[in-house]
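To start, the structure itself, in structure tokens.
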Amino acid sequence: MKQLRTRFAPSPTGYLHIGGLRTALYSYLYVRKNNGKFILRIEDTDQGRYVEGAVEIIYRTLRETGIVYDEGPDVGGDYGPYIQSERKNEYLKYAKQLVESGHAYYCFCSEERLASLPDVNGARRYDKHCLHLSKDEVERRIASGEKYVIRQNMPTTGSTTYHDAVYGDITIENSELEDQILIKSDGMPTYNFANVIDDHLMHINCVMRGVEYLSSTPKYNLLYDAFGWERPMYIHMPPIMKDAQHKLSKRNGDASYEDLIKKGFLKDAIINYIALLGWSPKDDSEKMSMDEMQQKFDISGISKSPSIFDPLKLAWLNSLYIKEMSAEDFADYATPWMENGFLAKFDKTLVCKLIQSRIETFGEMEDKLRFLVEFDKFDKDLYTNVKQKADATLAKEILPAIRAKLSAVTEWTNQNLFDTLVNLSAELNCKKGAVLWIARIALTGLAVTPGGASEIAEIIGKDETLRRIDESIAMLN
Ligand code: GLU
């Protein structure tokens with residue numbers, strides 16, 4: 001059996017959208033499982049869509065996420081060029097070969113004529129007007145400098161069938177296929193033509209891509225047949241939706257890989273989540289490392305039905321990855337999130353310890369910790385905690401004692417502060433939970449905070465702790 005060769009063929013649009021990254025990931029996983037080769041091809045022939053720096057984003061994202069390609073523009077290989085525009089001069093030659101064999105023809109129709117063709121459900125199908133021009137006339141018109149395109153000559157009867165590994169047998173009546181343009185009037189190939197030539201020249205025998213190409217594939221297969229080339233195997237992937245009606249797309253303002261990184265998701269969690277958008281392993285596991293995914297990946301686990309991108313599930317998965325990071329890794333990763341804002345003034349290790357198990361994304365850090373720098377008047381009902389038998393009356397009674405004990409602490413550590421508060425509860429003969437609750441409310445004015453009174457006091461420091469308690473005492477009077 002021939003070695004499996006598949007490719008990821010993004011257009012450099014300035015970002016790697018989630019669907020594209022999923023195609024790359026599935027291709028990579030499939031290839032690794034089957035000892036094949038994974039190839040990166042940059043499809044940049046649509047110059048109108050070209051964005052400066054976009055190719056670097058593709059390289060960087062794949063490198064960062066561990067989706068390693070065996071051949072590509074920046075790593076080389078035996079079947080280049082790996083950038084479509086560098087193969088520009090080849091396509092015309094192949095199109096002319098099809099003209100010779102009767103599978104394509106020159107078309108000189110003007111924009112006006114095309115616009116005057118009957119409108120069938122919003123599309124104006126080309127009517128093969130130029131198919132029957134004589135060879136002499138074609139040569140004369142080309143020589144006189146007339147503009148032309150080259151069109152594929154579709155059969156008008158019969159049907160075309162192919163097998164897709166996910167969607168099964170796909171059959172299309174040939175009469176439904178339009179004589180699509182292969183070479184545009186500027187001499188450049190259309191995507192519809194270039195992808196077939198490229199795949200053939202790069203010895204691609206397995207094409208993995210989004211389901212939006214499922215219905216164009218019969219046209220590509222007719223091209224393979226016309227050249228006498230072997231058709232590749234096809235694996236089309238289900239759409240990724242934002243909700244039941246709308247496709248997820250960067251053009252609709254939906255997040256790309258880069259956006260998710262900027263929001264504080266970890267690359268491993270993003271890749272793990274993306275893997276689940278349209279595939280599930282036989283054992284239904286959800287949290288998986290790249291190695292585990294490689295072991296479990298199987299085409300039969302790809303679903304035909306659309307999958308919905310669920311930001312809450314991604315956040316949940318991200319929180320699992322955050323929780324299992326070592327304290328050092330967490331602190332390293334959190335550094336860029338801390339160094340430019342108000343968190344920079346606190347002890348990094350203490351802040352990280354407080355927050356690591358309490359965030360789903362790094363982007364939440366500042367919001368969850370804003371109370372470290374903001375302290376406002378608050379409602380005294382917050383002191384009420386039925387279970388701990390705490391309320392504002394008790395707070396008024398014991399806050400002066402809490403203040404006195406804390407002001408006597410010399411070594412300002414969480415453990416010392418905690419012990420001080422617990423000892424005080426015994427002295428006061430009230431529940432330990434009541435003292436800790438009242439101290440935390442007095443320090444933050446918030447019903448819920450990450451961490452308890454002693455952890456928070458340690459981070460904000462002695463002066464600020466005592467200042468806040470004084471203010472809270474004043475609020476109760
Ligand atoms: N350049 C196409 C895209 O970005 C690739 C489609 C294909 O894989 O053939 O959608």
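Structure notes:
- Residues satisfying the stated conditions in segment 291-330, i.e. among the basic types (Lys, Arg) and farther than 24 Å from residue 244 by Cα: 296, 323
- Segment 1-35, residues that are of a type in the set (A, V, I, L, M), open to solvent by 10 Å² or more (accessible area, probe 1.4 Å) and within 14 Å of the ligand (Cβ to nearest atom): 9
- Restricting segment 36-51 to residues that are over 17 Å from residue 84 (Cβ atoms) and not small (Gly, Ala, Ser) leaves a set whose member that is surrounded by the most Cβ atoms within 10 Å (Cβ to Cβ) is 38.
- Any hit, segment 453-460, residues being farther than 23 Å from residue 380 by Cα and either open to solvent by less than 30 Å² (accessible area, probe 1.4 Å) or out of contact with any helix residue (DSSP H, G or I) (no Cβ under 7 Å at 6 or more places or on another chain) (or both): yes
- Residue 237 being more than 16 Å from the ligand (Cβ to nearest atom), closer than 19 Å to residue 23 by Cα and either of a type outside the set (Lys, Arg) or open to solvent by less than 10 Å² (accessible area, probe 1.4 Å) (or both): no
- Filter result (closer than 18 Å to residue 154 by Cα and either within 42 Å of the chain's Cα centre (by Cα) or surrounded by 10 or more Cβ atoms within 10 Å (Cβ to Cβ) (or both)) within segment 118-140: 123, 124, 125, 126, 127, 128, 129, 130, 131, 133
- Top-ranked residue in segment 392-413 [being in a helix (DSSP H, G or I) and without any contact (Cβ under 8 Å) to a residue 60 or more places away in the chain; ranked as most open to solvent (accessible area, probe 1.4 Å)]: 397
- Positions within segment 128-161 being in contact with a strand residue (DSSP E or B) (Cβ under 9 Å, 6 or more places away or on another chain) and small (Gly, Ala, Ser), in sequence order: 158, 159
- Selected residue (only one of 332, 347, 367 is open to solvent by 60 Å² or more (accessible area, probe 1.4 Å) and over 25 Å from the mean Cα position of the chain (by Cα)): 347
- Taking (1) open to solvent by less than 60 Å² (accessible area, probe 1.4 Å); (2) acidic (Asp, Glu); (3) within 24 Å of residue 32 (Cβ to Cβ) in turn, residue 254 satisfies each apart from (3).
- Criterion applied to 207, 166, 196 was being open to solvent by 10 Å² or more (accessible area, probe 1.4 Å) and either within 16 Å of the ligand (Cβ to nearest atom) or over 26 Å from residue 39 (Cβ atoms) (or both), and the one residue passing it is 166.
- Figure legend. Inter-residue proximity from segment 7-34: first residues free of Cβ contacts under 8 Å to residues at least 60 places away in the same chain and more than 20 Å from residue 258 (Cα to Cα), second residues more than 8 Å from the ligand (Cβ to nearest atom) and among the acidic types (Asp, Glu), beta-carbon distance below 9 Å, spacing 6+ or different chains. Indicated pairs: 31/70.
- Scanning segment 215-225 for residues that are away from the ligand (no atom under 11 Å from the Cβ) and crowded, with 18+ Cβ neighbours inside 10 Å yields 218, 219, 221, 222, 223.
- Hey, residue 312 at pLDDT 95 or above, part of a helix (DSSP H, G or I) and open to solvent by less than 70 Å² (accessible area, probe 1.4 Å) or not: no
For (1) within 22 Å of the chain's Cα centre (by Cα); (2) within 16 Å of the ligand (Cβ to nearest atom); (3) open to solvent by less than 60 Å² (accessible area, probe 1.4 Å); (4) of a type in the set (Asp, Glu), each residue gets a yes or a no:
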| residue | (1), (2), (3), (4) |
| --- | --- |
| 63 | yes, no, no, no |
| 68 | yes, no, no, no |
| 86 | no, yes, no, yes |
| 91 | no, yes, yes, no |
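- Search result, residues across segment 169-193 that are under 20 Å from residue 125 (Cβ atoms), open to solvent by less than 20 Å² (accessible area, probe 1.4 Å) and outside any loop (DSSP other than H, G, I, E, B): 174, 182, 183, 193
The values are calculated or read from the model by the stated rules, or taken from the named source; none is laboratory data. It should be emphasised that the depicted structure is a prediction, and the values quoted were computed from it without experimental measurement. Because the Cβ atoms are built from the backbone with ideal geometry, glycine has one as well, and the counts that use them run over all protein chains shown. With ligands, DNA and RNA removed, areas are computed over all heavy atoms of the protein, side chains included. Shrake-Rupley method; radii C 1.70, N 1.55, O 1.52, S 1.80 Å.
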